[in-house]
Amino acid sequence: MTNTKNLIADEDADLIDSDFIDSKSAQALGAGGAIADYIDGFAPRPDQQRMALAVESSIDAKSVLVAEAGTGTGKTFAYLIPILLSGKKTVVSTGTKNLQDQLYHRDLPTVKKALGLNLKTALLKGRSNYLCPYRLEVHLEDGRFQSREVVHHLQVVATWAKITVAGDIAELSEIPENAQVWPFVTSSPDNCLGQDCPCIEDCPVLKVRRKAMEADLVVVNHHLFFADAALKEEGFGELLPGVEAIVFDEAHQLPDVAAMFFGLSVGSRQVIDLCRDTTNEVIQHAKELGDLKDLAAGVEKSVRDARLSFGEETQKSPWKKVEHDQSIAEALGSVVEKLKNFTEQLKLASVRSKGLDNCFTRSEDITQRFEMLAGASPNDQVHWFETYKKSFSLNFTPLSIAERFQEFVAGKECAWVFTSATLAMGSDFSHFTDDLGFVSAKTLQFESPFNYPEQSMLYVPRGMPDPSQFGFSDAVVEAAIPVLKASRGRAFFLFTSHRALQRSAEILEEQLDCSLLVQGEMGKNELLNQFRQLDNAVLLGTSSFWEGVDVRGDALSCVIIDKLPFSSPGEPVVQARIDAMRRQGKNPFNDFQLPRAVITLKQGAGRLIRDVEDSGVLMVCDPRLVAKNYGAQFVQSLPKMRRTRRLDLVEQFFENEDVFENGKGQGHEEG
């Protein structure tokens with residue numbers, strides 16, 4: 001277990017409070033401080049001040065701080081204020097692009113104005129979020145597309161390209177996020193020509209990175225942070241040298257994101273993109289090299305045949321499942337053989353254009369990856385594959401990122417701050433700190449300022465079957481219907497699998513009068529917008545709705561969770577970690593599976609109360625929450641809600657939220 005120092009101890013509290021008077025950050029968040037003067041109705045929160053003081057101290061000492069801040073603490077201001085007041089060059093990394101935009105466009109300007117600071121700031125996203133003038137030009141001239149929709153969208157992009165300043169494709173809200181046009185008008189680390197691009201001076205990616213290099217504070221997301229750290233994209237410099245403080249918000253996502261970038265993968269889509277880019281370059285710059293187009297077509301066919309060799313079903317499985325399958329070995333061998341021949345011809349053609357030279361480099365890299373990933377399994381990596389409807393990927397994922405991450409931390413003499421509403425199980429941070437390799441880390445916990453005993457209720461229905469039993473999903477819906485009727489919709493119904501979601505949607509459509517919004521029927525943002533506008537909606541979602549979703553007010557008054565979110569032991573990376581921990585004599589359930597599930601449940605439960613005026617019911621349909629010994633660890637990690645197993649008390653809650661007036665029922669199980 002990690003030797004963490006938890007500063008939330010009572011004896012530390014008075015000491016921290018006594019330091020408020022010497023802390024500019026804590027003062028700015030206090031009564032009569034800069035934030036209260038600027039924001040009408042701002043109420044000082046002692047835990048927010050304590051967190052700001054802790055971040056301030058970490059920046060001054062260039063130390064590591066791990067801070068869990070309950071919903072409503074105001075952690076964003078708590079780290080932004082000491083960062084900006086320090087004047088030190090800082091990178092703030094968030095979990096998603098949506099949070100990144102919210103931080104940069106809403107929170108950061110507010111704090112800067114309140115403090116009267118004029119520091120340089122920059123928002124930096126991955127290159128696929130920006131227009132690539134070169135690829136737009138190439139595909140406008142190409143004109144060969146499979147649908148009229150792509151042609152139409154391409155013209156919309158071309159018109160916008162003449163007037164945009166930032167080149168951020170988020171400006172084109174009329175084109176869906178999943179539109180097929182985007183790969184044709186944006187670049188990736190694979191196909192970007194870097195400094196050799198003929199459109200380099202007009203490149204939005206280069207412009208925004210230059211701005212980031214000059215900024216005092218840069219807002220990125222975790223994927224971009226690790227892409228920059230792991231890949232060190234040539235031609236655009238590095239973001240991280242010179243940084244004096246690094247803050248990870250939504251830090252609970254870090255281990256999984258880092259593992260992806262510290263691993264190795266290759267996919268059939270990369271091959272197909274390479275073949276298509278090569279064909280376009282031949283058409284543009286070397287029309288006489290028709291044989292190269294034929295070779296590209298042959299490579300593309302071989303990779304499609306390889307997909308078929310895995311069978312029709314989609315799956316995510318360990319490599320050992322297919323490592324002795326002769327048909328798969330022959331299909332992947334054919335891909336490698338054709339790629340090698342293709343690469344040799346691309347080397348000869350590479351002098352004809354910068355684009356063909358880039359295709360040659362990519363082909364070399366992809367060929368090497370295919371050879372490695374279709375071969376023997378390394379001892380320290382999880383070797384697995386995934387098949388989709390028309391594509392597949394081969395992957396190595398490290399069993400542990402601790403050593404690699406610590407090497408990275410050791411190379412940066414700066415402050416490191418990790419924060420989220422969900423980092424600890426109870427008061428234990430060891431699951432998070434062990435994953436990142438911290439032998440000794442300073443940890444802090446801050447309670448939410450929300451009055452959960454008065455505002456909320458946890459309901460675990462009686463008589464539920466075990467989740468492993470047939471018909472469990474039907475029983476969940478049956479138990480949920482009276483609650484949804486009592487709440488008049490206004491609910492998130494969160495599932496641990498798409499299959500359970502679809503089954504539940506079928507039943508609810510027949511038995512419920514509320515408006516049903518089902519994940520997959522439209523984009524996530526559109527679903528949320530409709531949910532906020534309707535006054536009786538039930539939104540059915542899986543993992544992407546368990547976190548990073550903020551709905552305040554009466555629109556959301558109930559969150560229903562079908563079962564405890566344990567990771568599937570059949571998932572190859574999870575299974576490999578379980579096996580490795582058993583070999584090490586550890587208990588994978590207590591040390592790995594349980595903490596991950598607790599953190600995920602905390603995230604889902606966190607959707608319910610988002611403001612001081614919010615109220616509602618959290619319904620967990622899994623009987624293991626009360627029937628198993630480990631259920632107590634889930635309950636203890638949740639906010640201190642009133643608890644009941646009686647449906648009539650839930651119905652009374654929605655009829656009259658004062659039914660538990662004066663705290664009746666707090667802290668124990670009713671009925």
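Bear in mind these aren't lab numbers, they're just calculated from the coordinates by the rules spelled out. Just so it is clear, the structure is predicted and the values come from calculations on it, not from any experiment. Methodologically, a virtual Cβ is constructed for each residue, glycine included, from the backbone with ideal geometry; neighbour enumeration extends over all protein chains shown.
Helices in the chain, meaning DSSP H runs of at least 4 residues, each add -39500 (n - 2.57). Divided by all residues, the mean residue ellipticity at 222 nm is -13500 deg cm²/dmol.
With a simple spin-label model that places each label point 7 Å from the Cα along the Cα-to-Cβ direction, the separation between Val409 and Glu371 comes to 3.7 nm. Under 15 Å from a label point 7 Å along Cα→Cβ of Asp325: give me every residue in the stretch 377-396 with its amide N that close. From the stretch 377-396, the list is 384-395. Beyond 18 Å, what share of the Cα-Cα pairs of the stretch 264-398 is found? Please give it as a whole percent. Of all Cα-Cα pairs in the stretch 264-398, 52 percent lie more than 18 Å apart.
With q set to 0.15, 0.26 Å⁻¹, the log10 of I(q)/I(0) for the stretch 21-92, from the Debye formula over equal scatterers at the Cα positions, is -0.45, -1.26. Taking packing as the residue-averaged number of other Cβ atoms within 10 angstrom, the listed peptides 177-183, 277-283, 544-550 run from highest to lowest as 277-283, 544-550, 177-183. In summary, the aspartates and glutamates within cross-link reach of Lys320, defined as a Cα separation below 17 angstrom excluding same-chain residues under 8 places away, comprise Glu330, Glu371, Asp380, Glu386, Glu571, Asp579. Membrane-span-like helices in the chain (whole DSSP H runs, Cα extent of at least 24 Å along the helix axis, mean Kyte-Doolittle hydropathy of at least 0.0): 326-349. For Lys628, the aspartates and glutamates whose Cα comes closer than 13 Å to its Cα, not counting residues fewer than 8 places off in the same chain, are Asp466. Put the Cα centre of the stretch 102-161 next to the Cα centre of the stretch 398-476 and the gap is 34 Å.
Can you sort Arg596, Arg304 by how many other beta carbons sit within 10 Å, fewest first? Before the final figure, lay out each step's value.
Values: Arg596 20, Arg304 17.
Fewest-to-most ranking of Arg596, Arg304: Arg304, Arg596.
For Leu540, nonlocal amide neighbours, meaning residues 5 or more places apart or on other chains whose placed amide H falls under 5 Å from its own, are Phe493, Leu517, Val518, Gln519. Provide the FRET efficiency to the nearest 0.05 for the Asp60-Lys207 pair, computing r from the beta carbons and using R0 = 41 Å. Between Asp60 and Lys207 the formula returns 0.75.
For the chain, the Cβ-based charge dipole about the Cα centre amounts to some 780 debye (Lys, Arg positive; Asp, Glu negative; other atoms uncharged).
Return Cys203, Cys359 ranked ascending by Cβ neighbour count within 10 Å, so the fewest neighbours appear first.
So the ranking, lowest neighbour count to highest, is Cys203, Cys359.
Which one, Pro588, Leu556, Ala537, projects farthest toward the positive side of the charge dipole computed for the stretch 452-670 from Cβ point charges (K/R +1, D/E -1)? Among Pro588, Leu556, Ala537, the one farthest towards the positive end of the dipole of the stretch 452-670 is Pro588. Taking 7 Å steps out from each Cα toward its Cβ at Asp294 and Lys162 produces label points 4.2 nm apart. Placing R0 at 51 angstrom, the Cβ-Cβ distance between Gln195 and Glu655 gives a FRET efficiency of 0.15 after rounding to 0.05. Put simply, the stretch 36-163 fits an ellipsoid with semi-axes of 42, 16, 14 Å; these come from the alpha carbon gyration tensor as the roots of five times its eigenvalues, largest first. The trypsin sites (Lys or Arg not before Pro) of the stretch 16-114 that DSSP puts in a loop, and whose beta carbon has at most 15 other beta carbons within 10 Å, are Lys62. With 20 Å as the limit, the listed pairs Lys62/Lys88; Lys24/Lys113; Lys293/Lys354; Lys442/Lys586; Lys316/Lys389; Lys75/Lys112 have Lys442/Lys586 beyond it between alpha carbons. Once the chain from Gln146 to Lys524 is taken as fully extended at 0.36 nm per residue, the excess over their C-alpha distance is 133.5 nm.
Along the Cα-to-Cβ line of Asn341, 7 Å from the Cα, sits a label point; which residues in the stretch 285-299 have backbone N less than 16 Å from it? Zone members listed by number: 290-299. With bins 5 Å wide beginning at 0, the percent of Cα pairs of the stretch 452-670 falling in each bin runs 1, 7, 15, 19, 20, 16, 11, 6, 3, 1, 0.
With Cα atoms defining each centre, the stretch 596-659 and the stretch 531-581 are spaced 14 Å apart in the structure.
Separation of the stretch 177-220 and the stretch 247-284, taken as the distance between their Cα centroids, equals 15 angstrom.
Note on Tyr630, Tyr130: ascending count of other Cβ atoms within 10 Å places them as Tyr630, Tyr130, the fewest first.
All alpha carbon pair distances within the chain were sorted into 20 Å bins beginning at 0; the resulting P(r) in whole percents reads 16, 47, 32, 4, 0. Coupling constants for the stretch 166-183 follow from the phi torsions by the Karplus curve (6.51 cos²θ - 1.76 cosθ + 1.60, θ = phi - 60°), and in residue order they are 7, x, 7, 5, 4, 5, 8, 5, 6, 9, x, 4, 9, 4, 6, 6, 4, x Hz; glycine and proline get x. Distance between the pseudo-spin-label points of Thr96 and Arg488 (7 Å out from Cα toward the beta carbon): 2.8 nm.
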